[in-house]
Amino acid sequence: MSPQPTVPMDGRCPSCSASIPVDPHFVVWCPECDWNVDPEAEPPVAPTSWRAKRAARREASERAAMERLYAEALRETNPYRRRDGLWPVAMAVAGMAHLTIAAMTVGSGWLLAIGPLPVKVVGMVGLVAVFFSLPRPYRVRPDEWSLSRAEAPHLYGLADRIAAELGVAPVGIIRFVPNLNASFDRVGFRRRGVLNVSLPLWEVLAPQERVALFGHELGHAVRGDIRRSLWFVSAYEAVYRWYGFTDPGNRALLTIPHRLAALLLLLLYRPMERVSQRAEYRADDLSVKVASSAATLSLIGISTLGADMAALLQRRTAAFRTGFDPEDGAALWRELREHVASVPENERLRRLRVSVLRAPSEPSFYPPVHLRVRLAGERGVERGSIDFPEREVAAVEAELAESGIGWPTPY
């Protein structure tokens, strides 16, 4: 890590002499020339070796691919379009995995039926591998974090209105989870929709930003997100299990199956990465539609503060391991809201600049934050189609309080 530059005391950038704000609680940087915009970044090194040059070419290629994907999303006028060019590729690769499972099942059964004892053992091992490869539908049972429709009719009413506006099936169950990751999943063979709402995030969001959150997550219920396809997900999970099952360790015979599983896993991952990034853009588009561009932009901006929020939650909830008073929970959410509100616009802008300047790291299912911000801003929707008036906000808050959900747990 590069050494921390000296913070100017006179409020002048040491690089371009522009006036810059100095806040001891946040990184001091220059919006004019980007001095100290990313103090954790390594200093640039000229690519001299062939490995460095190859890494530079890979970075340039990845940046170009991200810009192309953004340009396609910007031109997209119909977020309900079900498929793109990578969809059939992903489905074909997933089909290869399913055919492999079928071939292993038939072959292992044949060996077990007609082979001599050593061959029967091989057939038995093959059937065991097939068994562990079969899809195991994830089931969500009611727990301390879930709310039923009877317990929270107003909350489900909001979700149902947004689902109807987006043209998707109503949510099967809503859960308020203690982490900072909201998500939408389809579970079981019936593909029941489960909406997981981040409780800390919910507590800091304004009403219309909550609509944007629901709109984004329910936007993933619109067909086109490969991570919600049973055909693809079951294939991916099966290959992932093969990869772990064939880990060679000291067993040289498993080396080739392990490498084949790694290759198939890579073939599945790459199209899933691009299709998932496109699905995130579409989910943002649908969030803008129901909530407005301003609400979606604010939601994305708050999501960039996740590390700060997690650190505060970890510090404050450490004392709750031995018990807490309900008033402590209300104080925690109040402190969390105050912390988010205290982050100046200059610091939020810096984080967007870091998103622009940092090289693409490992593959991700999410587009860069700065491109998501650009897209939501380009849509220019001043008012969304769904409102969350104060009387409904109060009714939902009352439902959460009565259910007991809303108190912090050790983070």
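The values are calculated or read from the model by the stated rules, or taken from the named source; none is laboratory data. Only a predicted model underlies this, so the values are computations on that prediction, with no experimental measurement involved. Quick reminder, even Gly has a Cβ in these numbers, built from the backbone with ideal geometry, and neighbours come from all protein chains shown. Ligands, DNA and RNA are excluded from the accessible area calculation, which covers all protein heavy atoms including side chains. Shrake-Rupley method; radii C 1.70, N 1.55, O 1.52, S 1.80 Å.
Values for this structure:
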item: Helix-derived mean residue ellipticity, 222 nm - over the chain, DSSP H n ≥ 4, -39500 (n - 2.57), to 500; result: -19000 deg cm²/dmol
item: Amide proton proximity set for Val177, modelled H, under 5 Å, gap of 5+; result: Val197, Ser198, Leu199
item: Nearest-0.05 FRET efficiency for Arg259 and Arg57, computed from C-beta distance (R0 22 Å); result: 0.30
item: Neighbour net charge for Trp202 - beta-carbon separation under 15 angstrom, K R +1, D E -1; result: -2
item: Counting all C-alpha pairs of region 101-188, share separated by more than 23 Å (%); result: 51
item: DSSP-defined antiparallel bridges as percent of all bridges, the chain, nearest 5; result: 60
item: Leading residue at positive end of dipole, the chain (Cβ point charges), from Val22, Pro389, Trp202; result: Trp202
item: Accessible-area composition of the chain, carbon plus sulfur, in percent [1.4 Å probe]; result: 60
item: Region 190-243: radius of gyration and largest Cα-Cα distance (Dmax), Å; result: 15.0, 45
item: Estimated dipole of region 123-185 in Debye, rounded to 20 [Cβ of Lys and Arg +1, of Asp and Glu -1, Cα centre]; result: 180
item: Rounded to 5, the percent of DSSP beta bridges in region 173-319 classed as antiparallel; result: 50
item: Region 331-393: trypsin sites (Lys or Arg not before Pro) in DSSP loop, at most 16 other beta carbons within 10 Å; result: Arg358, Arg383
item: Net lengthening on full extension, Arg241/Val121 (0.36 nm per residue, minus Cα-Cα); result: 41.1 nm
item: Low-density loop positions, chymotrypsin sites (Phe, Trp or Tyr not before Pro), region 89-139 - DSSP coil, at most 15 other Cβ in 10 Å; result: Tyr138
item: Along the chain, longest interval not containing exposed GluC sites (Glu not before Pro), exposed being DSSP loop plus at most 13 other Cβ atoms within 10 Å; result: 145-381
item: Karplus-derived 3J(HN,Hα), 6.51/-1.76/1.60, for each residue of region 201-212, Hz, glycine and proline x; result: 5, 4, 5, 9, 7, 6, x, 6, 5, 5, 4, 4
item: In nm, spacing of pseudo-spin labels at Trp50 and Asp308 (7 Å Cα→C-beta vector); result: 4.6
item: Dipole moment magnitude, nearest 20 debye, the chain about Cα centre, only Lys, Arg, Asp, Glu C-beta charged; result: 2220
item: Candidates Ala103, Ala395, Ala182: whichever shows maximal mean-square fluctuation once the chain is modelled as a Gaussian network with Cα springs under 10 Å; result: Ala103
item: For Leu147, net neighbour charge (Lys/Arg +1, Asp/Glu -1) across residues whose Cβ lies under 12 Å away; result: -3
